[in-house]
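Comments concern the structure below.
Quick note: the coordinates plus some simple rules give every number you see, no bench work behind them. Worth saying up front: this structure is predicted, and the values here are computed from it rather than measured. For neighbour counting, all protein chains shown are included, and Cβ atoms are generated from backbone atoms with ideal geometry for every residue, glycine included.
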Amino acid sequence: MAKVYEVVKVFGTVGSPFAKRVQIALELKGVQYTFFEEDLRNKSELLLKYNPIHKKVPVLVHNEKALVESLVILEYIDEVWGSDQPILPQQPYHKALARFWSKFIDDKYMPAITKAAFSANKEEREKGSEETVEALEHLENELKDKFFGGESIGVVDIAAGHIAFWLPAIEEAVGLKLLTSDKFPKLHKWGHEYTNHPAVKKNLPQRERLVAFFKARYASIITASK
Amino acid sequence: MATNKEELSLLGVIGSPFVCRVQIALKLKGIEYKFLQENMANKSELLLKYNPVHKKIPVFVHNEKPIAESLIIIEYIDETWNQNPILPSHPYQKALARFWSKFIDDKVVGAAWKAFMTVDEKEREKNTEEVLEALQFLENEIKDKFFGGEEIGLVDIAAVFIAFWVPIFQEIGGLRLFPSDKFPKLYEWSQELINHPVVKEVLPPRDPVFAFFKARYESLVASK
């Protein structure tokens, strides 16, 4: 539990799935923090001070010590704020697997969906769709319980949050149909459970705004490619 | 603590920087294991069984339980065997070590490879710039003998790619990826690292590694 004299700040944007990971983790741990909303086209002095290397969100600042990279931040949060609601498994092997799948989501799924939705080139988008489906298949096969973390949510669920909320919004915005319930029954159900989890529900952006944002992004890419 | 009855094996190829990382970690801890040499042009049943998702090496297998991804393997090793700790114990320092290791993978490794394995001048220039930019951050970061302080740690192990493989790419391709005049502290660090007693024993012999990458580079040039 964060004590009153601990100062926790999170720099992010309202729609960022990476910032949301950090916010959900802090929520799970009952840690109070101040959220600094960034305009990524006009980054604040503070953001540039706390993340001079990547200049990206999210940034977690704990008692003036800054950390970046959402998965690194999640591990830090888990280590600092106790095991009341552990985010990572305790056992080293299960921990290693959790890290593997979180990394898989960032290395394979994220670039694939970006490619599938927002590449200027049609062939690239088709290739991206194939790659996204392949990644989702691996995750579908991996999911064995209610959550990736078992009965309660863990780091892989938090990492996979994009699939539960952002992916459907992207699909609606650009006209993709990748996460179908017939092909991915377990993931589909998981998405529903995940977005309804109290800690997650509180921390989701507004769907209409997200869809509008993706629509605009898609439109600008298609226009620019003409 | 692992006992002699534990079954430990490492699937890999000699000459891979990622496999080398894991070998350094195992050697630091004094852990014995079986090395299973893979042929990446003809992957074994075992590799496909143990890493069906990526089909890559290294894969570390502990009592039939496989783990893939070099940095994840090292964290597992550090958590399972407590002697000669590789990661810092303090959560913030630990997080920084993870950050810098990831930085090396995301910003140095990919760009260095692309700068080397290309005949396109523009690609070469762009990727060289990226490597130089990333190395500058590392140059600014190094404050002690090693990134881990007086002893090598996770970041040093991750960065063995820079100390041993980048100079090889540089020499073969006639590149300026890791100039010692531009990065004096990093250069000094790299010499300390490759001469570190454990690292020295684990690093593959330079000549065959050099020959291997030279052959790959030459076949790329010939095919264009």
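Here are a few things to note about the model shown:
- Förster radius 25 Å - calculated FRET efficiency between B:Trp113 and B:Lys182, Cβ distance, rounded to 0.05: 0.80
- Here's the list of lysines a cross-link from B:Lys43 could span, going by alpha-carbon distance under 16 Å and ignoring same-chain residues fewer than 8 apart: B:Lys55, B:Lys56.
- Extension gain for B:Glu133 to B:Lys55 (0.36 nm times residue separation, less C-alpha to C-alpha distance): 25.0 nm.
- Kirkwood-Stokes translational diffusion coefficient of chain A, alpha-carbon pairs, 37 °C, 0.692 mPa s, µm²/s: 180
- Panel values: the range B:148-224, Kirkwood radius from alpha carbon pairs, Stokes-Einstein at 25 °C and 0.890 mPa s, translational diffusion coefficient 180 µm²/s.
- Antiparallel bridge percentage (DSSP; both residues within the protein assembly as shown; nearest 5): 70
- Counting only DSSP beta bridges with both residues in chain A, the antiparallel share comes to about 70 percent.
- Check: the range B:8-80 dipole with +1 on Lys, Arg Cβ and -1 on Asp, Glu Cβ, in debye: 200
- Pairs of alpha carbons in the range A:167-226 separated by more than 20 Å make up 40% of all such pairs.
- Semi-axis lengths (Å, descending) of the ellipsoid that matches the C-alpha gyration tensor of the range A:92-224: 26, 17, 13
- Rounded to whole numbers, the Karplus 3J(HN,Hα) couplings from phi for the range A:113-123 are 5, 4, 5, 5, 9, 10, 6, 5, 8, 4, 4 Hz, using 6.51 cos²θ - 1.76 cosθ + 1.60 with θ = phi - 60°, and x at Gly and Pro.
- Computed label-point distance, nm, for sites B:Met40 and A:Ala224 using a 7 Å Cα→Cβ extension: 3.3
- Here the range A:8-80 was treated as a single set of alpha-carbon atoms; its pair distances binned every 5 Å from 0 give 3, 18, 33, 28, 13, 4, 0 percent.
- Rule-of-thumb Rg ratio for chain B [Cα; 2.2 N^0.38 Å; N residues]: 1.02
- Here is what passes the span test in chain B: the DSSP H helices with alpha carbon length of 24 Å or more along the helix axis and a Kyte-Doolittle mean of -1.0 or above are B:206-223.
- DSSP beta bridges in the range B:8-80 [antiparallel fraction, %, rounded to 5]: 65
- Pairs of alpha carbons in the range B:91-222 whose separation is greater than 19 Å (percent): 49
- Ranked B:Met117, A:Met110, criterion: other C-beta atoms within 10 Å, fewest first: B:Met117, A:Met110
- Distance between modelled label sites at A:Glu45 and A:Ala212, nm, 7 Å Cα→Cβ extension: 3.2
- Rounded to the nearest angstrom and listed largest first, the equivalent-ellipsoid semi-axes of the range A:52-157 from its Cα gyration tensor are 28, 21, 9.
- Equivalent ellipsoid semi-axes - Cα gyration tensor, the range B:1-105, angstrom: 23, 17, 11
- Exposure proxy for B:Tyr187, B:Tyr76: other Cβ atoms within 10 Å of each Cβ, ordered fewest to most, give B:Tyr187, B:Tyr76.
- Site pair A:Lys189 and B:Phe212 shows an inter-label distance of 4.6 nm when each label is modelled 7 Å from Cα along Cα→Cβ.
- If you take the alpha carbon atoms of the protein assembly as shown and fit the smallest convex hull around them, that volume is 167 Å³ per residue.
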